[in-house]
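Engineer: Please find one structure pasted underneath; my questions will follow.
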There are 2 protein chains.
Amino acid sequence: MDDATGHIDGLWAVIPAGGAGTRLWPMSRRTSPKFLHDLTGSGQSLLRETWDRLSPLVGDRMLVVTGAAHEDAVRAQLPMLGRDAVVGEPSPRDSMPAIGLAAAILERRDPEALLGSFAADHVVTDRAAFRRAVEQAVVLARGGELVTIGIEPTHPSTGFGYIRLGDPLGVDGAEHGRRVREFVEKPDADTARTYVDSGEYRWNAGMFVVGATTLLELLAEGHPEMVLALRTVAAEPHRMRELWPSITKIAIDHAVAEPAAAAGRVAVVPASIGWDDVGDFAALGGLVPDHPEHPGLRLIGDPADVLALDATGLVATSGRTVALIGVHDLVVVDTQDAVLITTPERAQDVKKVVEQLTKAGRTDLT
Amino acid sequence: MDDATGHIDGLWAVIPAGGAGTRLWPMSRRTSPKFLHDLTGSGQSLLRETWDRLSPLVGDRMLVVTGAAHEDAVRAQLPMLGRDAVVGEPSPRDSMPAIGLAAAILERRDPEALLGSFAADHVVTDRAAFRRAVEQAVVLARGGELVTIGIEPTHPSTGFGYIRLGDPLGVDGAEHGRRVREFVEKPDADTARTYVDSGEYRWNAGMFVVGATTLLELLAEGHPEMVLALRTVAAEPHRMRELWPSITKIAIDHAVAEPAAAAGRVAVVPASIGWDDVGDFAALGGLVPDHPEHPGLRLIGDPADVLALDATGLVATSGRTVALIGVHDLVVVDTQDAVLITTPERAQDVKKVVEQLTKAGRTDLT
């Protein structure tokens, strides 16, 4: 299926680059969200890492959908993208309108287009395994399926939704393909444990591979007016500002994936690809390297910024000196105008601080 | 003994304003030491609080001895002082040369002068008790004694030296006066416990009341060349830069108090005056008020700078937002160019960070 370049024939990568990443405040802000940052200390932003991971699969068949406010930053980080490869949304409408608009644009460019949608702010450490999973998903998508990639759980996470596996599909070139029985919401700890122990569940990473037109047809079953609006905007981009505000704010999971799964029309390729959504500082702590001189102290930033005596945890610096003495398993995030100190256990509560700041009108800090 | 103003007749207050306060880094710096800061959130610097405490006792009979580098800052904080009331040392030589120079200056102004030496960076919360102790010390000093004020211990501190009490002196107007048996160095925890349990020991707060000439005579017994140099500088101030560098660097305790005590020539007025040397962040944590909205969170700075969810400890801010989530009993000190995170238990180790920075040539941070 691959052409001479190694690209997967007919596949377009769609990269929804949205979300403020409030649980990663104060690194991630509305004005400078998570995907624009080098969170893992790789030397590249998550967005640029996403491009690196996808370009061997699709070449320049790529479409980034982002907030209009971030269009310039996206273009600056991905200068190799053509003018038409970045679409700016006037306002955030959640994932369905973003991916649906990409589908409407792509079916005009190529009626046979398959789209693979992969978030701009996730991490995938095993690119070879990722490619093998996408290749199988493409085979299934060509057969008209809505296909998701189901991540093998490494622990009973309560932070992700799960996919319940159904029967094997037995499709040539997609050996691991299974039917999806259902998508389930983020479980409590006990439920997560039973999911993982059963072996029947995979993490929902929000990765979808599907024909552009297939996706719009599935969407039209529940939201025909949205499909009409999206196709109109794709045909007449100048009408974006007029039509966008009226489009329903909804996630692709609720708009399409869950109802289609209930109807037995979703496939999954289970895979183990080193995926993480980098959802909070607890997750991030597992992804960044140790400080070169202080084992146990995970570092984002310049090692010279850190002075540590008997300290462990995660520390993110941004030019100022951070001195840690006799403190363990803390999360310390230092930025120009705010510093956060918490623990991995409370990492989910960081969003509450952002809520407080928002309520207090501190738009300068969010 | 008081004149109509309430001042104690013939008493001069000498305020040694030195020491970098390295255990209070990054608030306290070489270039901006502890005594210049409002550490306790009282709205005034420790130096200005010291002036407030002493001026009812001595009026304008006051002499501040400080590093030449801090002379301007001292004058700015105490604009009520006359030109001759601030003496700048070209280099730090510890407490004996500083207080000895003050004595040499004062005996020229008033051969009968008594001096009371009180550090610029300590806290005294009970001013009435302080006054009563000083009044008794003055009575004893008039009789030719070197007098110290011995602080009743509130806990078995290992951070202070101790004074071992001897027999009552039975002097009219100095009912609590006792002979000093010996000064002892900072003890270990077990020894400190036996000291406090015995009731025979008081904390050495480094407060001395003594005739200016008496002090110089005591000093001359061990360091006659120093007395000569100090009297020369007092008579010919332009020779300061020439003579100062050759003066021995030594604390008043070692130069005068300990040998005089061994000879049975030191008196002590035991007192309970709410004293603290604010030596580290553990001590400071006990002196500052709670954040108005977060009981258990001691605050130095603007309450609006702090966002706390379930947090206790000591936090010092300087304009940036500090967010604390689910962390307890931490010490967090935020400054323009450095942030410190430690615990009260490790408060003494803060000076090690300053040593590391000094070794690394980071004079910008120390």
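Engineer: Would you check if B:Arg298 is of a type in the set (D, E, K, R) and touching a Leu at 6+ places or on another chain (Cβ under 6 Å)?
Structural biologist: Here the answer is yes, as B:Arg298 does meet what is asked.
Engineer: Output the residues belonging to the stretch B:154-192 that are more than 21 Å from B:Ala129 (Cα to Cα), part of a loop (DSSP other than H, G, I, E, B) and free of Cβ contacts under 8 Å to residues at least 60 places away in the same chain.
Structural biologist: If the condition is that a residue be more than 21 Å from B:Ala129 (Cα to Cα), part of a loop (DSSP other than H, G, I, E, B) and free of Cβ contacts under 8 Å to residues at least 60 places away in the same chain, then B:Pro156, B:Ser157, B:Thr158, B:Glu185, B:Lys186, B:Pro187, B:Asp188 are the ones that fit.
Engineer: If you take the residues of the stretch A:316-338 that are facing chain B (nearest Cβ under 7 Å) and in contact (Cβ under 8 Å) with a residue 40 or more places away in the chain, which of them is most open to solvent (accessible area, probe 1.4 Å)?
Structural biologist: So, considering only residues that are facing chain B (nearest Cβ under 7 Å) and in contact (Cβ under 8 Å) with a residue 40 or more places away in the chain, the one most open to solvent (accessible area, probe 1.4 Å) is A:Asp337.
Engineer: Can you work out which of the residues in the stretch A:194-218 that are out of contact with any strand residue (DSSP E or B) (no Cβ under 7 Å at 6 or more places or on another chain) and farther than 24 Å from A:Pro16 by Cβ is surrounded by the most Cβ atoms within 10 Å (Cβ to Cβ)?
Structural biologist: Ranking the candidates gives A:Val196 first.
Engineer: Something else now. Which pairs turn up if I take residues in the stretch A:77-88 that are not assigned by TED's automatic domain parsing to the domain that holds A:Arg61 and look for partners that are open to solvent by less than 80 Å² (accessible area, probe 1.4 Å) with beta carbon separation below 8 Å, at least 6 apart in sequence or on another chain?
Structural biologist: none
Engineer: Here's a follow-up. Among the residues of the stretch A:19-37, count how many are at pLDDT 90 or above and over 19 Å from A:Thr317 (Cβ atoms).
Structural biologist: 4
Here's the yes/no breakdown for (1) surrounded by 17 or more Cβ atoms within 10 Å (Cβ to Cβ); (2) out of contact with any helix residue (DSSP H, G or I) (no Cβ under 7 Å at 6 or more places or on another chain); (3) more than 14 Å from B:Val266 (Cβ to Cβ):
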residue	(1), (2), (3)
B:Gly166	yes, yes, no
B:Gly170	no, yes, yes
B:Arg178	yes, yes, no
B:Glu185	no, yes, yes
B:Asp188	no, yes, yes
B:Ala192	yes, yes, yes
B:Pro224	no, yes, yes
B:Thr232	no, no, yes
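Engineer: Let me spell it out: the conditions are (1) open to solvent by less than 20 Å² (accessible area, probe 1.4 Å); (2) more than 10 Å from chain B (Cβ to nearest Cβ), and A:Ile250 meets all of them except one. Which number is the exception?
Structural biologist: Condition not satisfied by A:Ile250: (1).
Engineer: Got a number for residues in the stretch A:253-277 being open to solvent by 20 Å² or more (accessible area, probe 1.4 Å) and aliphatic (A, V, I, L, M)?
Structural biologist: 2
Engineer: In the stretch A:306-315, which residue that is open to solvent by less than 20 Å² (accessible area, probe 1.4 Å) and among the hydrophobic types (A, V, I, L, M, F, W, C) is nearest to B:Leu24 (Cα to Cα)?
Structural biologist: Of everything passing the filter in the stretch A:306-315, A:Ala308 is nearest to B:Leu24 (Cα to Cα).
Engineer: Here's a follow-up. Among the numbered criteria (1) outside the structural domain of B:Leu230 (by TED's automatic domain parsing); (2) assigned to a strand (DSSP E or B); (3) not hydroxyl-bearing (Ser, Thr, Tyr), which single criterion is violated by B:Gly6?
Structural biologist: (2)
Engineer: I'd like the residue in the stretch A:19-57 that is of a type in the set (S, T, N, Q), away from chain B (no Cβ under 14 Å) and part of a helix (DSSP H, G or I) and, out of all such residues, is surrounded by the most Cβ atoms within 10 Å (Cβ to Cβ).
Structural biologist: Of everything passing the filter in the stretch A:19-57, A:Thr50 is surrounded by the most Cβ atoms within 10 Å (Cβ to Cβ).
Engineer: Go through the stretch B:194-222 and report how many residues are under 14 Å from B:Ala267 (Cβ atoms) and of a type outside the set (A, V, I, L, M).
Structural biologist: Within the stretch B:194-222, the first condition is being under 14 Å from B:Ala267 (Cβ atoms), and the residues that meet it are B:202, B:204, B:207-211, B:214-215, B:218.
Add one more test, that the residue is of a type outside the set (A, V, I, L, M), and what stays is B:202, B:204, B:208, B:211, B:214.
Number of matching residues: 5.
Engineer: Search the stretch A:345-354 for residues being touching a residue at least 24 places away in the same chain (Cβ under 8 Å) and open to solvent by 50 Å² or more (accessible area, probe 1.4 Å), and hand back the single one that is nearest to B:Ala311 (Cα to Cα). Even if it seems obvious, please write down each step before you answer.
Structural biologist: If we filter the stretch A:345-354 for residues that are touching a residue at least 24 places away in the same chain (Cβ under 8 Å), which is where we start, we get A:345, A:347-348, A:350-351, A:353-354.
Adding the requirement that they be open to solvent by 50 Å² or more (accessible area, probe 1.4 Å) leaves A:345, A:348, A:351.
Values: A:Glu345: 14, A:Gln348: 16, A:Lys351: 16 Å.
Only one residue tops the list, namely A:Glu345.
Engineer: Return a yes/no flag: does the stretch A:205-215 have any residue that is out of contact with any helix residue (DSSP H, G or I) (no Cβ under 9 Å at 6 or more places or on another chain) and either modelled with pLDDT under 95 or closer than 19 Å to A:Ala283 by Cβ (or both).
Structural biologist: yes
Engineer: Out of all the residues in the stretch B:339-366, which are of a type in the set (Val, Ile, Thr), touching a Phe, Trp or Tyr at 6+ places or on another chain (Cβ under 8 Å) and within 9 Å of another protein chain (Cβ to nearest Cβ)?
Structural biologist: Those that are of a type in the set (Val, Ile, Thr), touching a Phe, Trp or Tyr at 6+ places or on another chain (Cβ under 8 Å) and within 9 Å of another protein chain (Cβ to nearest Cβ): B:Thr342, B:Val350, B:Val353.
The values are calculated or read from the model by the stated rules, or taken from the named source; none is laboratory data. Everything numeric in this text was worked out from a predicted model, so none of it was measured. Positions of Cβ are generated from backbone atoms using ideal geometry, with glycine treated the same way; all protein chains shown enter the neighbour counts. Just the protein is used for accessible areas: all its heavy atoms, side chains included, with ligands, DNA and RNA removed. Shrake-Rupley method; radii C 1.70, N 1.55, O 1.52, S 1.80 Å.
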